[in-house]
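S.K.: I'd like to ask some things about the structure below.
The values are calculated or read from the model by the stated rules, or taken from the named source; none is laboratory data. Fair warning: this is a prediction, and the values are worked out from it, not measured in the lab. Positions of Cβ are backbone-derived with ideal geometry, glycine not excepted, and every protein chain shown enters the neighbour counts. Accessible surface areas use protein heavy atoms only, side chains included; no ligands, DNA or RNA. Shrake-Rupley method; radii C 1.70, N 1.55, O 1.52, S 1.80 Å.
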Amino acid sequence: MTSAKIVIAGGFGVGKTTAVGAISEIPPIRTESWMTAAATQIDKLDPGTEKTTTTVAMDFGRVTVDDSLVLYLFGTPGQPRFWPMWDDLVRGAVGALVLVDTRNLESSFPAVNYFENDAQVPWLVCVNLFDGVTLHRLADVRAALSLPAHIPLIATDVRHRRNVAQALLAVVDHAYAKAAPGPDSSYQEVQFA
Amino acid sequence: MATHPGYARHWKVRPYMRAASGRVGTGRRPLLIHTLVSTGGRFDPMLAATLAPATRRLYEAARTMCSVAELSAHCGLSLGVTRVLVSDLLKTNELILHDDRPTDVRPSNDVALLERLRAGLRKLT
């Protein structure tokens with residue numbers, strides 16, 4: 001028996017929990033992941049002290065891939081200032097899916113920056129088609145994100161299980177292409193119906 | 001407290017205890033948030049009764065195999081605390097870790113793992 005992990009990142013409200021919920025066989029679980037003493041969002045531990053803590057919540061789900069392999073999906077905590085926690089979240093992952101919303105592209109910039117500069121895992125960007133319609137050409141999205149050519153860009157509506165499975169498959173395919181370079185791995189811009 | 005030969009106990013010597021937990025991680029395999037653990041079908045109610053409340057909750061929840069993240073959520077403990085307590089239980093073999101992957105290959109480079117994932121995910125598309 002073994003487990004694998006794919007991280008789903010992106011800005012606030014971009015559909016991370018929706019994506020996890022669409023494919024997870026359990027309802028997405030929310031866990032308080034880490035506490036930090038240095039934060040601006042403050043819960044006083046004790047009225048008499050200056051010590052403060054913040055809890056950061058994170059959603060995750062699971063997919064049984066075969067009789068001896070479980071895939072866990074972890075949504076990242078939204079704000080970029082929790083990056084040190086992302087390191088912990090991403091460690092040992094097969095890959096990452098960065099979700100973007102073309103109506104609010106900036107909200108996913110920190111996630112794109114993180115995977116481009118600070119992470120070691122294969123990743124790709126997925127435009128969430130909220131109503132199943134493309135608002136922008138993928139080439140424009142790629143340009144707006146300054147996405148390097150070797151990072152795949154896909155688009156799908158993450159409310160549907162099949163679509164999320166295809167997006168996760170694209171992440172695994174991308175990792176596979178890097179781990180075992182071969183001829184069957186040359187897609188850059190794919191749109192799933 | 002261990003008394004070393006040659007070091008007689010003196011009333012001025014502060015007795016100390018070494019905490020059960022050392023550093024997180026069991027050495028061979030890192031304890032990641034998605035790492036699967038369980039009691040391996042050897043749940044011991046007598047042992048459970050002797051454990052501290054949080055550890056006991058984790059030990060009981062691990063009767064069904066699940067990930068560190070699931071244990072954290074089920075037991076209402078933060079991931080950091082869960083990881084330390086689970087790592088204690090692994091050291092004393094009260095819990096076992098489930099991972100049949102080679103230790104020296106990163107998951108993102110593990111071709112066999114990626115092939116299993118591809119096959120499984122294709123069935124869902």
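S.K.: Please list A:Ile154, A:Ile26 in order of solvent-accessible area, largest first, computed with a 1.4 Å probe with all protein chains present.
M.R.: Details: A:Ile154 0, A:Ile26 45 Å².
So, going from the largest accessible area down, we get A:Ile26, A:Ile154.
S.K.: Find how much the distance from A:Asn117 to A:Thr134 grows on full extension, using 0.36 nm per residue of separation minus their present alpha carbon separation; answer in nm with one decimal. Please list the in-between numbers first.
M.R.: Numbers: separation 17, 0.36 × 17 = 6.12 nm, distance 2.82 nm.
Going from the current span to full extension adds 3.3 nm.
S.K.: Using protein chains only (no ligands, no nucleic acids) and a 1.4 Å probe, work out which residues of region A:1-25 have their accessible area cut by at least 10 Å² relative to the chain alone.
M.R.: For region A:1-25, once contacts with the other chains are taken into account, A:Met1, A:Thr2, A:Ser3, A:Ala4, A:Lys5, A:Ile23 lose 10 Å² or more.
S.K.: Right, here's the next one. Would you mind pulling out the separation of the Cα centroids of region A:125-156 and region B:74-125, in Å?
M.R.: 31
S.K.: Which value, in Å² rounded to 10, gives the accessible area of B:His74 with a 1.4 Å probe and all protein chains present?
M.R.: 120
S.K.: From the protein chains alone at 1.4 Å, what is the descending order of accessible area for A:Phe74, B:Phe43, largest first?
M.R.: My answer, sorted largest first, is B:Phe43, A:Phe74.
S.K.: Taking a probe of 1.4 angstrom, what is the accessible area of A:Phe109 in Å², to the nearest 10?
M.R.: Using a 1.4 Å probe on the heavy atoms, I get roughly 80 Å².
S.K.: With solvent modelled as a 1.4 Å probe, how much accessible area in total do chains A and B shield from it at their shared surface, in Å² to the nearest 100? Let's see the in-between values first.
M.R.: Working: alone 10100 and 9270 Å², together 15840 Å².
Approximately 3500 Å² gets buried when A meets B.
S.K.: Still on this model: Calculate the spin-label point distance for A:Ala180 paired with A:Asp66, positioning each point 7 Å from the Cα along the beta-carbon direction, and give it in nanometres.
M.R.: For the pair A:Asp66/A:Ala180, the computed spacing is 1.1 nm.
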